[in-house]
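Reviewing the structure listed below.
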Amino acid sequence: MEALNILALADKLRTEADAYEFLEDLRWNGQPVCPHCGSVRKPYFLTPANGASRKTRTGTASQRRVWKCADCRKQFSVLTGTIFHGSKVPVRTWIFVVFEMCSSKNGVSAREIERKYKLTAKTAWFVTHRIREAMKREPLAGLLSGRVVADETWIGGKLRNRHGGADPSRRSVHPTRRFEDKTAVVSLVSRETGEVRSRVVPEVSGDNLRAVLDEHIDQPATHLHTDAGTHYRRIVGEFAEHSIVSHAQGEYVRGDVSTNQAENYFSQLKRSIDGTHHHVSREHLDRYLAEFDFRHTTRKISDTERVSLLGQQVGGKRLTYRKPACGD
Ligand SMILES: [Zn+2]
């Protein structure tokens, strides 16, 4: 695919039919796949009777591109079975929002999408969250291995719970209330590829950490790096190796062992949440994390490649993902 930017995209997507074709290229790459039976053998395009559009149930004209599978005899479009399925939002709008979310460094707020694309607040929220859902699917959901840093942080917290109220110059948090209104997040960062998996946990405990590590790490193939927190000390897994740096003793890097990658990731994450989204509810934080993880994991590839990759994830289809080159 040629390099994408907002102008190239606007040029490419003049009509809804263009948008369908664009998505067909992204998802199928010239070879339509029947989402009902998986057949690639015989899907054929159904040309509308008037050559350009067909009537919908409500009588309006639709430029939806419809295919039919000769194996199972069912009809489908490139939207069938994807995050776009069954929404009234124009396909063009979806693609523009996908592009914005893939190309902006700190993410895009639902408010901004609402204003730019003339959607209702509710629809803008729905569109951005559906795209975040796709961001955590295969191929970006594989197990981490190699040198992996595990660390936790706390996100959020309301100003009114702080001493000094809304006056920023007087904000300070009483030690006993420090974590009360914050949400705990555990992140795993690959030191080789920079891939990240983050999860909200109800509290930082041995069991919760364990669950996150089990879900995302190929343990026998992993050298785990953590700080000296009690929960991490007690981790006994099938890890090839587990090294600890003791922050309490002023140690941040020892030889090759460090948790800096996670700390860096957390500071970016917090900057994005404060700057773009202002406040993220605990309930939805997992999806925002999926978005930040996606962007960080793919930070070495171009916007165009990132849109392509997401195009593969909208339907949950698997594809071999070329890992970014070594770095950091
Ligand atoms: Zn079929």
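Quick notes on this structure:
- Global form of the range 1-76, assessed from the alpha-carbon gyration tensor, a/c cut-off 1.5: oblate
- Spin-label model distance (nm) - residue 115 vs residue 6, 7 Å beyond Cα toward Cβ: 1.2 nm
- When the trypsin sites (Lys or Arg not before Pro) in the range 45-124 are filtered for DSSP coil states and for at most 11 other beta-carbon atoms within 10 Å of their beta-carbon, the remaining sites are 57, 73, 88, 105, 118.
- Value at 222 nm in deg cm²/dmol, rounded to 500, when DSSP H runs of n ≥ 4 in the chain each add -39,500 (n - 2.57): -10000 deg cm²/dmol
- Between the range 102-140 and the range 64-78, the Cα center-to-center distance that results, in Å: 28 Å
- Note: relative contact order over the range 6-135, using C-alpha pairs below 8 Å and six or more positions apart, is 20 percent.
- When you restrict to C-alpha pairs under 8 Å that are six or more residues apart and normalise by the size of the chain, the relative contact order lands at 20 percent.
- In degrees, nearest ten, helix 16-28 long axis to first principal axis of the chain (Cα): 60 degrees
- Subtracting the Cα-Cα distance of residue 106 and residue 54 from 0.36 nm times their residue separation leaves 14.7 nm of extension gain.
- Loop-resident trypsin sites (Lys or Arg not before Pro) (DSSP state other than H, G, I, E or B) in the range 197-283 with no more than 10 further Cβ atoms inside 10 Å of their Cβ: 234.
- Overall Cα dimensions of the chain, principal axis frame, Å, largest first: 75, 49, 33
- Summing charges over all other residues whose Cβ lies under 11 Å from the Cβ of residue 234, with Lys and Arg as +1 and Asp and Glu as -1, gives +1.
- Principal-axis tilt of helix 303-313 within the chain, Cα atoms, nearest 10 degrees: 80 degrees
- Taking 31 Å as the limit for the C-alpha separation, the pairs 55/118; 74/118; 74/122; 55/136; 68/105 exceed it in the case of 74/118; 74/122; 55/136; 68/105.
- Taking 186, 245, 97 in turn, the Gaussian network model of the chain (Cα-Cα springs below 10 Å) assigns the largest fluctuation to 245.
- Surrounding net charge for residue 5, when Lys and Arg each add one and Asp and Glu each subtract one, Cβ distance under 13 Å: -2
- Paramagnetic label zone (point 7 Å from Cα along Cα-to-C-beta, residue 85; backbone N under 12 Å) in the range 101-134: none
- Local electrostatic count at residue 131 - Lys and Arg +1, Asp and Glu -1, tallied over other residues with Cβ under 14 Å: +2
Each value in this text was obtained by applying a stated rule to the coordinates, not by laboratory testing. The model shown is predicted, which means the values in this text are computed figures rather than measured ones. Methodologically, a virtual Cβ is constructed for each residue, glycine included, from the backbone with ideal geometry; neighbour enumeration extends over all protein chains shown.
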